[in-house]
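Trainee: Could you have a look at this structure, given as structure tokens, before my questions?
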């Protein structure tokens with residue numbers, strides 16, 4: 001599988017009037033499509049398969065609560 005660069009982006013939260021970190025990661029193209037801010041220092045290379053899924057409304061975004069840097073140990077949450 002090929003690799004793709006994803007970023008942990010921020011998007012303006014109109015309801016609360018501030019920038020908010022997304023619970024997803026995304027490719028530059030996907031983030032720009034939804035008018036998010038791409039912080040260059042969060043660039044991380046991952047398998048392309050994590051941004052290609054049928055249950056995601058915008059192609060190029062990961063699932064919610066995606067962690068490209070998994071920690072060892074016990075699982076402490078269930079993905080939604």
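Trainee: Applying a 10 Å radius around every beta-carbon, put 18-25, 33-40, 5-12, 63-70 in order of their mean neighbour count, most first.
Mentor: Numbers: 18-25: 15.5, 33-40: 13.5, 5-12: 18.5, 63-70: 11.8.
Packing order, densest peptide first, comes out as 5-12, 18-25, 33-40, 63-70.
Trainee: State, in angstrom, two size descriptors of segment 3-51 derived from its alpha carbons: Rg to one decimal place and Dmax to the nearest whole number.
Mentor: 11.1, 35
Trainee: Using only alpha carbon pairs under 8 Å that are at least six residues apart, calculate the relative contact order of segment 3-51 and give it in whole percent. Write down the numbers at each step before the final one.
Mentor: Values: 79 pairs, mean separation 24.3, N = 49.
Relative contact order for segment 3-51 comes out at 50 percent.
Read-outs throughout are calculated quantities, based only on the coordinates presented, and are distinct from any laboratory measurement. All values reported here derive from a predicted model rather than from experimental measurement. Every residue, glycine as well, gets a Cβ built from its backbone with ideal geometry; the counts of neighbours run over all protein chains shown.
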